[in-house]
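This report concerns only the one structure given below.
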Amino acid sequence: MTLHRVAHLADIPEDRGLEVSVQDSKILLLKVGDHVRAYQGECPHAGAPLVEGALCHGRLTCPWHKGQFRIEDGGLCEPPALDSLKRYPLEVRGDEIWVDDQPLQDAHTPPADDERTFVIVGAGAAGTAAASALREKGFGGRVLLIDREANAGYDRTVLSKFVIAGQTPLEEIPPLRDEDFYREQRIERMNAEVASLDAANKTLQLVNGQSLKYDAALLATGGIPVRPQLPGADLPQVFVLRSKADAQQILHSAKAGQRAVIIGDSFIAMESASSLRQYGLEVTVLARHPVPFAKQFGDSVGKAILALHQANGVVYRTEGQAAQIEGATRVEAVQLDNGQRLPADLVLVGIGVTPATAPFTDLPKENDQSLLVDGGMRVADGLWAAGDIATFTLNGQPQRIEHWRLAQQQARIAAANMLGGDEHYLDVPYFWTWHFGKNYDYLGCAQAWDEVEFKGDPGNPPFIGLFGKNGVVTAAVACDEERTMAMLAERMKQPLSVDEAWRLIRS
Ligand SMILES: Cc1cc2nc3c(=O)[nH]c(=O)nc-3n(C[C@H](O)[C@H](O)[C@H](O)COP(=O)(O)OP(=O)(O)OC[C@H]3O[C@@H](n4cnc5c(N)ncnc54)[C@H](O)[C@@H]3O)c2cc1C
Ligand code: FES
């Protein structure tokens, strides 16, 4: 144990932590009642400086993607972080704080003391979070994580933001867990495709003919991008973007100076427009809406993001929808239904996904093909579902929401309940989206609002906007207001009046 003097007690502000450095490590000092704690200073998810997070209700919320940790012991409360904070031993000598340069070792592999087999289908956001959570919550039995992608679970969200912009090489896409984790935690990964499910007999059938019995299973198969039913949609340069393989194909085809036509104005479509533009392509978006994201973010933020795209050279058009993709062996143009023809070298389609539930023929499906889960993410006896395939109840309404953090939260709830728990979703949905170097954060799920008010100008961040219904905040959208949004992520778990929210924001 080598202790280093790092600060005086009075240096730690009451309402936030203090970041100090010990050798090469950044360490966050927090006051907890009369005690001081020292945690790793960078978020275990993607390295955000936790000193810029918010301390509220006994939790530290990460400024970037709103992962949450208990202030008392650094324990993981909410993803997208999948680990608790590393804790550093410390001593308070008089008014001086001395911190060890080595964190406490966190031996955390439950003993193999359980005969049961839990199978997780899909190793994406939800599946990988569930596998981790089963071990975190002490399950010692067999955990089998099946995915038809050969890669271990990885961060899909960077594909449209950084990978096809040429900023993150494919081989540097962050894995959700490293190889040591799977080995140490005895999580078996199987590269296979599930063909069918016999829920009554708790059996899965794989495409390779193998049958697997389970004691409990989680379905987390995500979404399959919708492809347009257009002549020419099967040409080789017509892409969707869901997987590493999709990104690889896009990068293989895209060259600076080429013309890309993006069909759709979804988040993935617009993020891809930003990225391909940054990669040096001429980008035209064939949009369905006059203003992107107006339904989620409201008109003024949607217009600001549109202006950002246009200022960076993206052409956003709403007249004419794609009627045909022309080309003999490769894409040459997109023919519109108003007779116009847009020359193109590649087409990227971003018009939504269909829940990947085709193998689960004996389960009832919603109209959109998703699986209806109960409050504990349960579909049937011994069977749970999470992520993009799950319709769950939020604010009294059945909802299917395609957010990374929510998929992982649902998965953690399902994991707890697979172990006999009774957990329910009690949080506020959160997602982020990235355009030309600007990150927009969104909290809540406002389908309608009767008031919206901004601090700052959406066209010139930083700004934060609150959407209210009957005087209560239903959603918040912001850019460059990370600590405030981290605070709201915690405060909006309980009904928060618009007036109180503004008071907190302005205090
Ligand atoms: C490019 C992109 C960018 C995004 N950016 C953001 C963002 O910035 N913020 C945000 O909140 N959300 C974002 N999302 C949405 C987010 O990624 C999804 O909501 C999330 O991944 C859903 O998690 P999931 O586990 O349900 O599905 P996935 O992460 O898609 O995982 C499903 C897995 O199941 C596997 N699978 C499917 N069928 C089978 C089968 N039959 N047998 C075996 N395996 C199967 C698939 O191969 C896949 O690996 C983005 C999505 C994409 C595609
Ligand atoms: S960096 Fe902290 S949650 Fe992503």
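The values are calculated or read from the model by the stated rules, or taken from the named source; none is laboratory data. Remember, it's a predicted structure, so these values are computed and weren't measured experimentally. Cβ sites come from the backbone with ideal geometry, for glycine too, and all protein chains shown count toward neighbours. Keep in mind that these areas ignore ligands, DNA and RNA; they rest on the heavy atoms of the full protein, side chains included. Shrake-Rupley method; radii C 1.70, N 1.55, O 1.52, S 1.80 Å.
For segment 367-507, what's the relative contact order in percent, using C-alpha pairs closer than 8 Å and at least 6 residues apart?
That works out to 15 percent.
Residues in segment 275-311 near a label at Lys255, defined as backbone nitrogen under 15 Å from the 7 Å Cα→Cβ point?
Under cut-off, by backbone N: 280-282.
What 222 nm value per residue comes from the helices of the chain, counting each DSSP H run with n ≥ 4 as -39,500 (n - 2.57) and dividing by all residues, nearest 500 deg cm²/dmol?
Details: 9 runs with 91 residues, N = 507.
For the chain, the value works out to -5500 deg cm²/dmol.
Met487 accessible area, nearest 10 Å², 1.4 Å probe?
Number for this one is 30 Å².
Leaving out ligands and nucleic acids, and using a 1.4 Å probe, what accessible area per residue does segment 3-100 come to in Å²?
On a per-residue basis, 43 Å².
For a test of the definition: using alpha carbon positions, the gyration tensor, and the 1.5 limit on a/c, classify segment 3-100 as rounded, prolate or oblate.
Taking the square roots of the gyration eigenvalues as a ≥ b ≥ c, segment 3-100 is prolate.
Mind ranking 280-286, 251-257 by how tightly packed they are, going by the mean number of other C-beta atoms within 10 angstrom, highest first?
Working: 280-286: 21.3, 251-257: 13.6.
Top of the packing list down: 280-286, 251-257.
If you find the alpha carbon centre of segment 433-479 and of segment 198-228, how far apart are they in angstrom?
Centre-to-centre (Cα) distance: 38 Å.
Heavy-atom accessible area per residue, segment 238-351, 1.4 Å probe: how many Å²?
That works out to 39 Å² for each residue.
Can you order the peptides 329-336, 478-485 by their average number of other Cβ atoms within 10 Å per residue, highest first?
Sorting 329-336, 478-485 by mean packing, highest first, produces 478-485, 329-336.
With every protein chain kept in place and ligands, DNA and RNA left out, what is the accessible area per residue of segment 446-506? Probe 1.4 Å, answer in Å².
On a per-residue basis, 45 Å².
To the nearest 20 debye, what charge dipole does segment 17-68 have about its Cα centre, counting +1 at the Cβ of each Lys and Arg and -1 at the Cβ of each Asp and Glu?
On the way: 5 positive and 5 negative charges, 39 e Å.
The calculation lands at about 180 debye.
Sort out for me the Cα centre separation of segment 390-427 from segment 1-22, rounded to whole Å.
After rounding, the separation between the Cα centres reads 37 Å.
So, counting K/R as plus one and D/E as minus one, what does the shell of residues with Cβ under 13 Å around Asp246 add up to?
With Lys, Arg at +1 and Asp, Glu at -1, the neighbours total +3.
Which lysines have a Cα less than 16 Å from the Cα of Lys295, not counting those fewer than 8 places away in the same chain?
Answer for Lys295, where 16 Å is the Cα cut-off: Lys303, Lys469, listed by chain and number.
Kindly write out, for segment 334-350 in residue order, the coupling ³J(HN,Hα) from the Karplus curve 6.51 cos²θ - 1.76 cosθ + 1.60 (θ = phi - 60°), rounded to whole Hz, with x marking Gly and Pro.
10, 8, 9, 6, 9, x, 6, 10, 9, x, 8, 9, 8, 10, 10, 9, x
I'd like the carbon and sulfur percentage of the solvent accessible area for the chain, probe radius 1.4 Å, heavy atoms only, ligands and nucleic acids excluded.
So the carbon and sulfur contribution to the accessible surface is 46 percent.
Along the charge dipole of the chain, pointing to its positive end and built from +1/-1 on Cβ of Lys, Arg, Asp and Glu, which listed residue (Gln369, Gln399, Ala130) has its Cα farthest out?
Farthest towards the positive pole: Gln369.
Magnitude of the Cβ-charge dipole of the chain, K/R +1 and D/E -1, about the Cα centre, nearest 20 debye?
So the dipole magnitude of the chain works out to roughly 800 debye.
Rank these residues by their accessible area, most exposed first, probe 1.4 Å: Glu96, Glu72, Glu14. Please report the intermediate quantities before stating the final value.
Values: Glu96 45, Glu72 95, Glu14 140 Å².
Output order, biggest surface exposure first: Glu14, Glu72, Glu96.
Ordered by residue, what ³J(HN,Hα) values in Hz, to whole numbers, does segment 47-61 give under the Karplus form 6.51 cos²θ - 1.76 cosθ + 1.60, where θ = phi - 60° and Gly and Pro are x?
With the stated coefficients, segment 47-61 comes to x, 4, x, 5, 5, 8, x, 10, 9, 7, 6, x, 10, 9, 9 Hz.
Identify, among Leu82, Ala411, Leu9, the residue whose Cα sits farthest towards the positive end of the charge dipole of the chain, taking +1 on the Cβ of Lys and Arg and -1 on the Cβ of Asp and Glu, with the dipole about the Cα centre.
Ala411
Counting only other residues whose beta carbon sits under 9 Å from that of Ile97, what net charge do I get with K and R as +1, D and E as -1?
Here the charged neighbours net out to -2.
Please get the size of the charge dipole for segment 446-506, origin at its Cα centre, with Cβ charges of +1 on Lys and Arg and -1 on Asp and Glu, quoted in debye to the nearest 20.
180 debye
Going Cα to Cα from Lys31, which aspartates and glutamates come in below 16 Å? Please leave out same-chain ones fewer than 8 positions away.
Lys31 reaches Asp11, Glu14, Asp15, Glu19, Glu52, Glu72, Asp73, Glu91, Asp95, Glu96.
What does the net charge come to around Arg156 if you take all other residues with beta carbon closer than 13 Å to its beta carbon, with K and R at +1 and D and E at -1?
With Lys, Arg at +1 and Asp, Glu at -1, the neighbours total -3.
Would you mind putting 230-236, 428-434 in packing order, based on average other-beta-carbon counts within 10 Å, highest first?
Ranking the peptides 230-236, 428-434 by packing returns 428-434, 230-236.
Normalised by the residues of segment 457-502, what does the relative contact order come to in percent, with Cα pairs under 8 Å and at least six apart?
So the answer I get is 35 percent.
Go through Ser25, Val51, Gly67 and say which Cα lies farthest out towards the positive end of the charge dipole of segment 3-100; charges sit on Cβ, +1 for Lys and Arg, -1 for Asp and Glu.
So the residue furthest toward the plus end is Gly67.
Please tell me the relative contact order of the chain in percent, rounded to the nearest whole number, where contacts are Cα pairs under 8 Å and at least six residues apart.
On the way: 1175 pairs, mean separation 64.8, N = 507.
For the chain, the relative contact order is 13 percent.
So how exposed is Lys86, as accessible area in Å² (1.4 Å probe, rounded to 10)?
Surface open to solvent at Lys86 totals about 110 Å².
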